[in-house]
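Enquirer: Would you mind keeping the following structure in view while I ask a few things?
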Protein chains: 2
Amino acid sequence: MTTRSIPTLDDVAKLAAVSTATVSRCLNAPEQVSDSTRKRVNKAVKALGYTPNFGARFMAAKRTNTIGAIIPTMENAIFARGLQAFQDELRAKGYTLLVASSSYKSDIEEEQIRSLIARGADGLLLIGHDRSSAIMQYLLTRKVPALVAWAHDPSAVLPSIGFDNFEAMCGLAKHVIAMGHSRIGMISAPTESNDRARARVQAVRHSMQEAGISTQNLKLIETEYGIETGAIAFQSLVGNSQVPTVVFCGNDVLAVGAMRQAKKMGIVVPDEISITGFDDIELARLVEPELCTVHVPHRKMGATAASILVDMVEGKSFPQTTQLDVKIELRDSLSTRL
Amino acid sequence: MTTRSIPTLDDVAKLAAVSTATVSRCLNAPEQVSDSTRKRVNKAVKALGYTPNFGARFMAAKRTNTIGAIIPTMENAIFARGLQAFQDELRAKGYTLLVASSSYKSDIEEEQIRSLIARGADGLLLIGHDRSSAIMQYLLTRKVPALVAWAHDPSAVLPSIGFDNFEAMCGLAKHVIAMGHSRIGMISAPTESNDRARARVQAVRHSMQEAGISTQNLKLIETEYGIETGAIAFQSLVGNSQVPTVVFCGNDVLAVGAMRQAKKMGIVVPDEISITGFDDIELARLVEPELCTVHVPHRKMGATAASILVDMVEGKSFPQTTQLDVKIELRDSLSTRL
DNA sequence: TTGTACGCGTTATCAA
DNA sequence: TTGATAACGCGTACAA
């Protein structure tokens, strides 16, 4: 039982009695190697338990078959589900996924972008378009293909896949307003450096104006992502003089927090107040009443994002932007205001 | 506007009119460089937007300040929360986290372990002790520090941090049995290559035997992780001749699925049947009735795991196993059987 | 305090 | 089909 050191290409080559070039070819272009030597090499690889060193491979080939993804947080079910689909699809295409999370902080995101690129990520998946010009410059000079997901903006520099947050929320808001609601509350994630959140808020404003309702009637609270924060926001929203008849929430988690708080305060949903969410995570159908929300095809988005990004990396043609359809899920947490 | 290529150490050195060695020192051991030259070098680094190439750095230094983590799935809130804490703590200590997921498949996990090690991960976080001897050999010969989380086993080869799944479930099961339950159902995640799931099932068996209840009275169903799968399992459990009075679930997600199915079938929880979970994710307190479960300190586990793993990587002393306390949360989905 | 020069493990070019 | 060999970008003895 001697201490064996980590086997290298050279070790494999020696054991198989060939050159390192041949071993390398066996691994990367097997069809260029004769059957007999390939068998011999593969045997040596197994015997030694050889694994290529990515650092060296990266330096020599400038490719890693690795895709990096930076998401705001792993604690959010929507990203988790989409990301899992993203990874599954990448695997099928022979790529490995590396994930980093930014905690919704743009400076951390920048750091992660640099880190993943330095590590040789062939392509990057990012969330949303909001990004400092410095880091955009960096991305462009490094020429690393980057795809923005969870967003849809044909005019943006980076290609994107997602849905139109503005349109989606408009659809819901118009429906709600048509039901007779005019005193409106909204709980949103912080809109600074979060284009998705901003678009959803603007959609509500826009829909109100279009219906001739003064946006003075909109009570907006911005708060961080969480059930607890949603509950607190709801409390202060209904504590005001003008209690809204409906509360739009920027995502399902905030909405569920609002619903919990309503129950706690003895406010009946939807009889006394309607609540809506966004995303349609599993949770939305587990609460009572079921949450009215906007369904987003996360898995499909993740899988499609993988396809597109791989095409980008491999120099194939790809769409500048891909729009996915959302569906408004009218459920029991929303009712008509007579 | 010329096409600039990626700046290297050499470029920085030239611009600052020093040698590459000095630049390297500026980055890795600033105290060895005089103030004036350091300033000059830092300026050049900024001007060029230089980022070290990890591949090259890894090859030369054999360290990357990177920790890899392989979790079964990102879609599970328990891992997500613990992992986020893990990452936050790592960041504070100057390490970067790379995440991969195995979809609960051991062959994929092996692939990911090799991949992360080849990429130069200084240390690895793994979930659970179940692992083939081949990959254990690989881990040991590569001498990469690896810490097992979500498990606690003083006798295992790899150091671990977590809680005693067996003891935790025994605590709950004994309490339930003392409440008068004797016809028992259980919905578990697949126990093959999942020591946590296995320990929880064994705990129920053990507790029954200890109370003099034949384990013939245990109806066990193994199914994959998910709300829907939990619902299906529950349905077949109550479709049997001997309907259980309590259903233990291996985790909260399965339990919530069971509760949803019970509601759908018009079976009142806990009056007609009690249901328990494990983990205490946020969801547990959002369903109605609130789910009786075992609370696990995920965040604390993640943060502590980071500390220990960094100590391992840096050659400091560390505990072979760290046990965290769990707490049984007696909530309304469990009631006495008279 | 700073510079020179070598080696890390791989891929790719070119010849054989 | 195979082999020799030059990069790739960095850290670090060792020397100055």
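Enquirer: Between region A:154-207 and region B:76-120, what is the separation of their alpha carbon centroids in Å?
Expert: 34 Å
Enquirer: Moving to a separate point now. Nearest 5 percent is fine: what portion of the DSSP beta bridges confined to region B:218-338 is antiparallel?
Expert: If we restrict to bridges inside region B:218-338, about 40 percent are antiparallel.
Enquirer: OK, next. Just to confirm the number: angle between the C-alpha axis of helix B:195-210 and the first principal axis of chain B, 0 to 90 degrees, nearest 10?
Expert: 30 degrees
Enquirer: Which percent of the Cα-Cα distances in chain B go past 40 Å?
Expert: When every Cα pair of chain B is considered, 28 percent fall beyond 40 Å.
Enquirer: Pull up all non-local amide H partners of B:H152: gap of 5 or more, or a different chain, and H-to-H distance under 5 Å with H placed in the peptide plane.
Expert: B:F163, B:N165
Enquirer: Can you work out the Karplus-derived ³J(HN,Hα) for every residue in region A:170-177? Use 6.51 cos²θ - 1.76 cosθ + 1.60 with θ = phi - 60°, whole Hz, and x for glycine or proline.
Expert: 4, x, 5, 5, 4, 4, 4, 5
Enquirer: Okay, moving on. Over the Cα atoms of region A:15-125, what is the Rg over Rh ratio if Rh follows Kirkwood?
Expert: Working: Rg = 18.2 Å, Rh = 16.3 Å.
Ratio of gyration radius to Kirkwood radius: 1.12.
Enquirer: Averaged across A:81-88, how many Cβ atoms of other chains sit within 10 Å of each residue's Cβ atom?
Expert: On the way: counts 3, 2, 4, 6, 1, 1, 6, 2.
Going residue by residue through A:81-88 and averaging, the value is 3.
Enquirer: Once the label point is placed 7 Å from Cα along Cβ, list for A:N240 the distances to the corresponding points in the other copies, in nm, shortest first.
Expert: Spelled out, the distances from A:N240's label point are 5.5 nm.
Enquirer: Also, I was wondering about something else. Once you list every other residue whose beta carbon is under 12 Å from the beta carbon of A:A178, what net charge do they have if Lys and Arg are +1 and Asp and Glu are -1?
Expert: Counting the neighbours of A:A178, the net charge comes to +1.
Enquirer: For the protein assembly as shown, taking Cα atoms only, what is the radius of gyration to one decimal and the Dmax to the nearest whole Å?
Expert: 27.5, 86
Enquirer: Label A:S155 and B:A156 with points 7 Å out from Cα along Cα→Cβ: what is the distance between them in nm?
Expert: 5.4 nm
Enquirer: Here's another thing I want to ask about it. Which of the lysines could be linked to A:K300 by a straight reach, that is with a Cα gap under 20 Å, when you skip same-chain ones fewer than 8 residues away?
Expert: Straight-line reach from A:K300, under 20 Å: A:K93, A:K327.
Enquirer: Right, next: Which angle from 0 to 90°, rounded to the nearest 10, does the C-alpha axis of helix B:227-238 make with the longest principal axis of chain B?
Expert: That works out to roughly 20 degrees.
Enquirer: Sequence-distant or interchain residues sharing an amide H contact under 5 Å with B:L98, placed H: which?
Expert: It is B:I67, B:G68, B:A69, by chain and number.
Enquirer: Here is a follow-up. So how do A:L172, A:L140 line up by other beta-carbon neighbours within 10 Å, fewest first?
Expert: A:L140, A:L172
Enquirer: Please compute the length gained on full extension between A:D271 and A:Q202, using 0.36 nm multiplied by the number of residues separating them and subtracting their Cα-Cα distance.
Expert: My answer for the length gained is 22.2 nm.
Enquirer: Now for a different question. Grab the beta carbon distance between B:D10 and A:A56, set R0 = 25 Å, and tell me the FRET efficiency rounded to 0.05.
Expert: Details: r = 19 Å, r/R0 = 0.76.
Given R0 = 25 Å and the Cβ-Cβ separation, E is 0.85.
Enquirer: Also, quick follow-up: Pick from A:V238, A:V12, A:V313 the residue whose mean-square fluctuation is largest in a GNM of chain A, springs joining Cα atoms under 10 Å.
Expert: With Cα springs under 10 Å in chain A, the top fluctuation among A:V238, A:V12, A:V313 is at A:V12.
Enquirer: Which ³J(HN,Hα) values, rounded to whole Hz and listed in residue order, are derived for region B:69-75 from phi using the Karplus coefficients 6.51, -1.76 and 1.60 in 6.51 cos²θ - 1.76 cosθ + 1.60 with θ = phi - 60°, glycine and proline given as x?
Expert: Couplings: 10, 10, 10, x, 7, 8, 7 Hz.
Enquirer: For chain B, what proportion of DSSP beta bridges, expressed in % and rounded to the nearest 5, is antiparallel?
Expert: The answer is about 10 percent antiparallel.
Enquirer: Quick one: which residues, 5+ away or cross-chain, put their amide H under 5 Å from the amide H of B:S274? H built at 1.01 Å from N.
Expert: Distant-sequence amide H within range of B:S274: B:V246, B:V247.
Enquirer: Measure nothing fancy, just the Cα-based angle from helix A:77-92's long axis to the longest principal axis of chain A, in degrees from 0 to 90, nearest 10.
Expert: It works out to around 30 degrees.
Enquirer: Peptides A:320-329, A:18-27: what's the order by average Cβ count within 10 Å, highest mean first?
Expert: A:18-27, A:320-329
Enquirer: Residue separation times 0.36 nm, minus the C-alpha to C-alpha distance between B:S193 and B:H295: what's the value?
Expert: Fully extending the segment from B:S193 to B:H295 adds 34.4 nm.
Enquirer: Based on alpha-carbon atoms only, what is the radius of gyration of region A:69-202 relative to the globular estimate 2.2 N^0.38 Å? Provide the component values of the computation, followed by the final result.
Expert: Numbers: Rg = 16.6 Å, N = 134, 2.2 N^0.38 = 14.1 Å.
In units of the 2.2 N^0.38 Å rule of thumb, it is 1.17.
Enquirer: Hey, another quick one. Beyond 18 Å, what share of the Cα-Cα pairs of region A:223-338 remains, rounded to the nearest whole percent?
Expert: Working: 3677 of 6670 pairs.
Counting pairs separated by more than 18 Å, the tail of P(r) holds 55 percent.
Enquirer: What is region A:246-338's relative contact order, in percent, from Cα pairs under 8 angstrom and six or more apart in sequence?
Expert: Over region A:246-338, the number comes to 31 percent.
Enquirer: Whole-Hz Karplus ³J(HN,Hα) for region B:270-282, in order, using 6.51 cos²θ - 1.76 cosθ + 1.60 and θ = phi - 60°, x for Gly and Pro?
Expert: x, 4, 9, 8, 9, 9, 10, x, 7, 2, 6, 7, 3
Enquirer: Rounded to the nearest 500, what is the 222 nm mean residue ellipticity of chain A from helices alone, with -39500 (n - 2.57) per DSSP H run of 4+ residues and division by all residues?
Expert: Rounded to the nearest 500, the figure is -14000 deg cm²/dmol.
Enquirer: Same structure, new question: When the chain is fully extended, how far beyond the present Cα-Cα distance does A:A211 get from A:L324, taking 0.36 nm per residue of separation?
Expert: Numbers: separation 113, 0.36 × 113 = 40.68 nm, distance 2.68 nm.
Going from the current span to full extension adds 38.0 nm.
Enquirer: Modelling each spin label as a point 7 Å along the Cα-to-Cβ direction, I'd like the B:S133/A:T37 distance in nm, to one decimal.
Expert: Going from the B:S133 label point to the A:T37 one covers 3.6 nm.
Enquirer: Contact order normalised by length for region B:102-170, with contacts defined as Cα pairs under 8 Å and 6 or more residues apart; what percent is it?
Expert: This gives 24 percent for region B:102-170.
Only the coordinates and a few stated rules stand behind these numbers; no lab work does. Model, not experiment: these values are computed from the prediction. Cβ sites come from the backbone with ideal geometry, for glycine too, and all protein chains shown count toward neighbours.
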